[in-house]
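The values are calculated or read from the model by the stated rules, or taken from the named source; none is laboratory data. Just so it is clear, the structure is predicted and the values come from calculations on it, not from any experiment. Cβ placement follows ideal geometry from the backbone for every residue including glycine, while neighbour counts extend to all protein chains displayed. Note: areas computed on protein heavy atoms with side chains; ligands, DNA, RNA excluded. Shrake-Rupley method; radii C 1.70, N 1.55, O 1.52, S 1.80 Å.
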Amino acid sequence: MPNRRFADGEVVMGRWPGSVLYYEVQVTSYDDVSHLYTVKYKDGTELALKESDIRSQSSFKHRKSQSSSSSPSRRSSSRSRSRSPGRPAKGRRRSSSQSREHKDDKKKTIQETNLALPVLFFSFNQKPSENNTRRYNGEPDSTERNDTSSVILEQKLKPDLEVERVLEQYSLRPRKEEKKKEEIYSEKKIFETIKTIEKASSKTKELEFGGRIGAFTLIFFLPATVIYLLLMCKQDDPSLMNFPPPLPALESLWEPRVFGVVVLWFFLQALFYLLPIGKVVEGLPLSNGRKLQYRINGFYAFVLTAAAIGTLLYFQFELHYLYDHFMQFAVSAAAFSVGLSIFLYIRSLKAPEEELAPGGNSGYFVYDFFTGHELNPRIGSFDLKYFCELRPGLIGWVVINLAMLLAEMKIHNQSMPSLSMVLVNSFQLLYVVDALWNEEAVLTTMDITHDGFGFMLAFGDLVWVPFVYSLQAFYLVGHPTAVSWPVAAAITILNCIGYYIFRSANSQKNNFRRNPSDPKLAYLKFIPTATGKGLLVTGWWGFVRHPNYLGDIIMALAWSLPCGFNHILPYFYVIYFICLLVHREARDEHHCKQKYGLAWERYCQRVPYRIFPYIY
């Protein structure tokens, strides 16, 4: 076994793989099996090098001293030229001046070598050509005087074939070409260093949701919450005093046929998404300046789905099957969302750095899996996040509500649904149709522009939205509540107020973001920011900072009021919605403060209330 030449921690000169450039490195370890040294460069890069690619620093200093002194033959040649009777005195003065310049170049070379600049070796064992002799015998040409690279000659005996190869590759190359290649290599190193810095700076530093522990907890807490809410709704007395509800047998929670229906529903909506109908628009610019294209056909998908459901009802398909197996559908959807999340995370590991989500690139597996590692995962032109945002869950929410309405009529032997059920279905149908009709507006939301697509959005879109947002309709099936017409009218007015605030505020924001110079928006005043964008201080956005959230909360209250006041369970959605929007508002405040700086502080002084006027 060959003896090890360099010790751990020793500072040596290591050759960069694929080149003849040497850098100062530190030996970190040695593999006795492969006989490779692991070395660390100054920029932190670690590579495995052969012993032949490593030189000691002392050998560099020795070679520099040899190369800096001329050979006896060159000295005698120089003396013979200086004493030639045909050479005028002026020529001698020029020669001495050139010698001083050459010495200065040598000093610069030594200083640059001490700063760990790359050292280029020329290996040869035969006499150089005339041009090279002239270049190294004390008469540097203009190209060499302007060169700043450290050039050291290493004379070494090698087989003839190896000598010819080295001479052909390095020694016989014109000096300008050598300099150009060194400059190109330096530019590549600088570019790689910049990319390394950008990669480090793109890491998510501020973790939300309680960091890694919070993300890990939510992965289990969210599915448990859905199951708890559905179990409570099935109880005769769904009060908080009856906690915990009786748990069903595990085998009763899973039905392969139900899981097949969930998968079929997902791919049916995917088929509608791929239909070449609807306009194609561009999203907001990404961090690299690129704009993704999206097909806007969500409303068409809703119409096609309504036609398909109508056809099933015409052929007397019992849609209340959803109510009878509601828990199994929720569990199947949760299992599907987990599988989708795992697929998304695995594929995100191969995604380029610029395609990762700003908030899901922490380097921690659990946190990135939960928040989403990749910003816009796509299979060809099929955008998975954009598709799940509005299609399977939102349209599925309407189908579930309809199934609850039919189940109520069948269970209670009613020829018409109750007024409470009609109000809940109507209000939430309006919300879904509005979202699909204004589908393009979702492209400016943080879900699309900032959040990655991971477990949080996958579970939220496919499980939380259809099975928690339909909680009021599910509750009314087992707990019918009578509502008078005057009360129904008052609740309807409340919902209309919330919807008007929600829609008009979002329209102002989206139109202003798309085209701030639109003449139709000339009445809006704004505060300019350093990013080139403006902060609206009139209209709804001059009333409170997040008027769309205010409209959301008012509508959520109107959805729950038809369920009466016997139990707090139907109002879980309102409580959850307030907590969610307060969290989002705090996150928005933090991002806007970082993004807009002093302009945001001026905006907060101008608009002091966040969601609720004169309250919060």
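At-a-glance table
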read-out: Only one of D434, D461, D451 that is among the acidic types (D, E) and part of a loop (DSSP other than H, G, I, E, B); value: D451
read-out: Residue among G393, G372 that is farther than 30 Å from Y500 by Cβ and in contact (Cβ under 8 Å) with a residue 60 or more places away in the chain; value: G372
read-out: Test result for V33, closer than 17 Å to S58 by Cβ and either in contact with a helix residue (DSSP H, G or I) (Cβ under 7 Å, 6 or more places away or on another chain) or open to solvent by 40 Å² or more (accessible area, probe 1.4 Å) (or both); value: no
read-out: Residue ID - nearest to the chain's Cα centre (by Cα), chosen from residues in the stretch 493-506 that are under 13 Å from L561 (Cα atoms) and crowded, with 16+ Cβ neighbours inside 10 Å; value: N495
read-out: Qualifying residue in the stretch 545-562 (condition: touching a strand residue (DSSP E or B) at 6+ places or on another chain (Cβ under 8 Å) and open to solvent by 30 Å² or more (accessible area, probe 1.4 Å)); value: no
read-out: Test: residue in the stretch 417-426 that is surrounded by fewer than 16 Cβ atoms within 10 Å (Cβ to Cβ) and without any contact (Cβ under 8 Å) to a residue 60 or more places away in the chain; value: yes
read-out: Test: G534 is surrounded by 15 or more Cβ atoms within 10 Å (Cβ to Cβ) and modelled with pLDDT under 85; value: yes
read-out: Matching residues, the stretch 520-547, being in a loop (DSSP other than H, G, I, E, B) and more than 25 Å from P285 (Cα to Cα); value: Y523, T538, F543, V544
read-out: Odd one out for A482, checked against (1) in a helix (DSSP H, G or I); (2) in contact (Cβ under 8 Å) with a residue 60 or more places away in the chain; (3) open to solvent by 30 Å² or more (accessible area, probe 1.4 Å); value: (1)
read-out: Scan of the stretch 377-408 for residues that are open to solvent by 20 Å² or more (accessible area, probe 1.4 Å) and part of a loop (DSSP other than H, G, I, E, B), ordered by number; value: G380, S381
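Condition check ((1) modelled with pLDDT under 85; (2) open to solvent by less than 90 Å² (accessible area, probe 1.4 Å); (3) part of a helix (DSSP H, G or I)) across all residues:
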site	(1), (2), (3)
E168	yes, no, yes
E198	yes, no, yes
L207	yes, yes, no
I219	no, yes, yes
L222	no, yes, yes
T225	no, yes, yes
Y228	no, yes, yes
